[in-house]
Amino acid sequence: SPMVREATLSLLSNCLAKEPSLERHVLPQILEMTTDPSNGPKKKAIKLLKEIYLRSTSTQIRLKIAAPLLLPSQDNESAISELGHNVLEEIWLTAANPNVKTDDSQHRLNRVQRAAFMVDLLESVEKSTVHLEAFEKFFVHCLSPEAKGPAANLKICGQLVADLVDEVIDPGNG
């Protein structure tokens with residue numbers, strides 16, 4: 001039942017908070033829950049995947065998580081699509097913690113890494129029309145007035161594009 005799946009995800013969340021090494025054993029099942037027929041498990045899976053994504057330093061783990069997170073952002077249920085948009089905005093477009101003093105070169109390096117990650121993501125889903133459409137629609141949403149911070153999103157998107165162009169003009173000089 002949906003309540004059991006949701007409770008299972010809550011239990012997994014608690015276990016992973018205490019022992020992150022278990023992640024590799026349960027990640028495939030958590031990823032499956034992003035397309036659960038019921039909203040409760042779907043929401044819980046999205047939130048748990050956000051935590052795992054932010055905690056992970058592995059590009060491969062992040063790629064495994066990012067593609068499935070695209071689909072809930074296009075869900076027919078507005079609560080799910082809104083949560084999906086918010087999570088993707090937070091992990092891809094929100095700048096590093098503003099309370100931490102970081103110099104401009106570190107901000108640029110973070111952006112270059114994010115831009116490179118998005119290129120890797122697009123390459124990993126290039127054969128999946130549904131994922132490519134979800135990626136495009138996510139960015140259309142981020143720049144629309146319905147987004148949490150369209151002005152800030154426009155600024156970071158412009159910077160990401162500039163970083164990508166710089167990389168094309170002068171590869172490896174980021």
Taking the chain, the lysine pairs whose C-alpha atoms sit under 19 Å apart (8 or more places apart or on different chains) add up to 16
Added length on full extension, which subtracts the Cα-Cα distance from 0.36 nm per residue, Lys155 to Ala116 = 12.3 nm
Based on DSSP H runs of at least 4 residues, each adding -39500 (n - 2.57), what is the mean residue ellipticity at 222 nm of the chain after dividing by all its residues, to the nearest 500 deg cm²/dmol?
-> -23000 deg cm²/dmol
Say each of Glu146 and Arg108 gets a label point 7 Å from the Cα, pointing the same way as Cα to Cβ; how far apart are those two points in nm?
-> 3.6
Sites matching GluC sites (Glu not before Pro) across the stretch 97-166 that sit in DSSP coil, with at most 12 neighbouring C-beta atoms within 10 Å = Glu126, Glu146
Kirkwood hydrodynamic radius of the chain, Cα pairs, Å = 17.1
Could you work out how far helix 78-88 tilts from the main Cα principal axis of the chain, as a 0 to 90 degree angle to the nearest 10?
-> 50
Rounded, prolate or oblate: which fits the stretch 14-74, taking a ≥ b ≥ c as square roots of the Cα gyration tensor eigenvalues, rounded meaning a/c under 1.5, else prolate when a/b beats b/c?
-> oblate
So what's the angle, to the nearest 10 degrees on a 0 to 90 scale, between helix 2-18 and the longest Cα principal axis of the chain?
-> 60
How much accessible surface does Lys42 have with a 1.4 Å probe, in Å² rounded to 10?
-> 20
Kindly identify the stretch 105-147 as rounded, prolate or oblate by the Cα gyration tensor criterion: order the square roots of the eigenvalues as a ≥ b ≥ c, call it rounded if a/c is under 1.5, otherwise compare a/b with b/c, prolate if a/b is larger, else oblate.
-> oblate
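The values are calculated or read from the model by the stated rules, or taken from the named source; none is laboratory data. Quick caveat: nothing in here was measured; it's all calculated off a predicted structure. Using ideal geometry, Cβ is built from the backbone for each residue, glycine included, and neighbour counts are taken over all protein chains shown. Side chains are part of the model used for accessible areas, which takes the heavy atoms of the whole protein and leaves out ligands, DNA and RNA. Shrake-Rupley method; radii C 1.70, N 1.55, O 1.52, S 1.80 Å.
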